Amino acid sequence: MLSFPGPTPTLESQPTKDNRRLLIVIIEVIGITISRFSVVLLLAYVAHETRLAIADLAGKATTTDLALRVMSNVNAGQVMAWLSCIGGLGYGELQRRAKNRVIRSKGTQIKKLESRIDPDRESSQQ
């Protein structure tokens with residue numbers, strides 16, 4: 001018979017459900033804390049880099065000036081509305097094409113299954 005050094009495991013040394021739950025809660029709290037600190041550090045980094053970028057651009061005419069002029073223009077609201085409209089139409093067209101692609105690919109399979117269940121069904125007849 002094999003014997004291993006050290007104490008023999010007993011039921012008391014095995015992890016219980018309460019111990020597992022406690023471990024899960026501890027890991028969850030540590031994960032949440034790390035994620036919160038990560039967000040704070042990321043925001044601080046972005047603020048620092050933005051400050052450096054603004055300091056580099058001080059006194060220089062750049063494309064930023066052009067963008068600010070366009071955004072401050074009275075008609076900028078209309079331009080943004082038209083851009084949103086065009087974007088929505090484009091997104092709708094992409095969704096329509098994706099839907100039609102799925103219908104084409106699944107249509108023949110559905111007709112075969114329907115004809116197996118009820119051959120006299122109108123949608124199953126070709």
Charge dipole of region 74-126 built from unit charges on the beta carbon (Lys, Arg +1; Asp, Glu -1), centred at mean Cα; most positive-end Cα among Met80, Tyr91, Ile103 is Ile103
Charges at C-beta only: +1 for Lys and Arg, -1 for Asp and Glu. How large is the resulting dipole of region 17-60 about its Cα centre, in Debye rounded to 20? 160 debye
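Here, each number is a calculation from the coordinates, and none is a lab measurement. None of the values given here were measured: they were computed from a predicted structure. Methodologically, a virtual Cβ is constructed for each residue, glycine included, from the backbone with ideal geometry; neighbour enumeration extends over all protein chains shown.
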